[in-house]
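First the structure, in the form of structure tokens, and then the observations on it.
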Amino acid sequence: MTARPDCTSTATYVAVDIAKKWNAVLVESRNDQRKSFKMANSVEEFDRLVAFLRGQPGPCHIAMEPTGNYHRALAHRLVSEGFEVSLVSSVAAARLRDAIFNSWDKNHQLDEERLARLARVDPKLLHPIQHRGGAAQADRALLRSRNALVECRTKLVNHARGMIKSVGGRLPTCSTPSRHSP
């Protein structure tokens, strides 16, 4: 596990509440200045966020709650730009929301605030991101594609067997690669 840098008052804390189309961002700088804004899940908006964060004083510590696969593109971009990005456990986030706000209500303002508090107060609840390398990512994509093809092939063979069986016929047992018309 990587050693965490000492979080001093010179750091800027960034909380990103991930959603499908829009992300809510809260930036807290060392003077307790806060800036909250929304950004789209797009490359252009990622560029703007990176440029904005580069202009902040001190190191930026970014916390986000993983939501589906929507956080991956932004997290990968921020890590590749050299920012420290951590994921917040959704269970820890829900418990913190309940403890601090005495509510299970979920909205972007509360989510931003609790993510920023977690980044600032208790870094043990955060998990630094370590992305796979390009070759590992390509291998994983290839394996997942092959798995999808094998599942489709199995469904087609089972469908053909079922259709023929429904009219009283039977297909002979053989391996799926040999199922082709001569």
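The values are calculated or read from the model by the stated rules, or taken from the named source; none is laboratory data. Bear in mind the structure is a predicted one, so any value in this text is a computation, not a measurement. When we count neighbours, we look across all protein chains shown, and the Cβ atoms used for this are built from the backbone with ideal geometry, even at glycine.
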In region 137-157, anything modelled with pLDDT under 90 and of a type in the set (S, T, N, Q) is listed as GLN137, THR154
Per the list (1) touching a strand residue (DSSP E or B) at 6+ places or on another chain (Cβ under 6 Å); (2) modelled with pLDDT under 85, residue check on PRO177 breaks on (1)
| In this structure, does ARG54 turn out to be surrounded by 13 or more Cβ atoms within 10 Å (Cβ to Cβ) and among the basic types (Lys, Arg)? | no
Requested in this report: Output yes when any residue across region 128-136 is modelled with pLDDT under 80, under 20 Å from the mean Cα position of the chain (by Cα) and surrounded by 16 or more Cβ atoms within 10 Å (Cβ to Cβ), and no when none is.
Outcome: yes
Counting only residues that are surrounded by fewer than 19 Cβ atoms within 10 Å (Cβ to Cβ) and either of a type in the set (Val, Ile, Thr) or part of a helix (DSSP H, G or I) (or both), region 60-86 contains a total of 8
Those strands (runs of 3 or more DSSP E) completely within region 1-59 that have 3 or more residues that are modelled with pLDDT of 85 or more and farther than 24 Å from ALA73 by Cβ are none
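Quick grid of which residues meet (1) more than 17 Å from the chain's Cα centre (by Cα); (2) touching a residue at least 60 places away in the same chain (Cβ under 8 Å):
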{"site": "MET39", "(1), (2)": "no, no"}
{"site": "PHE46", "(1), (2)": "no, no"}
{"site": "ARG54", "(1), (2)": "yes, no"}
{"site": "ALA63", "(1), (2)": "no, yes"}
{"site": "PRO66", "(1), (2)": "no, no"}
{"site": "ALA75", "(1), (2)": "no, no"}
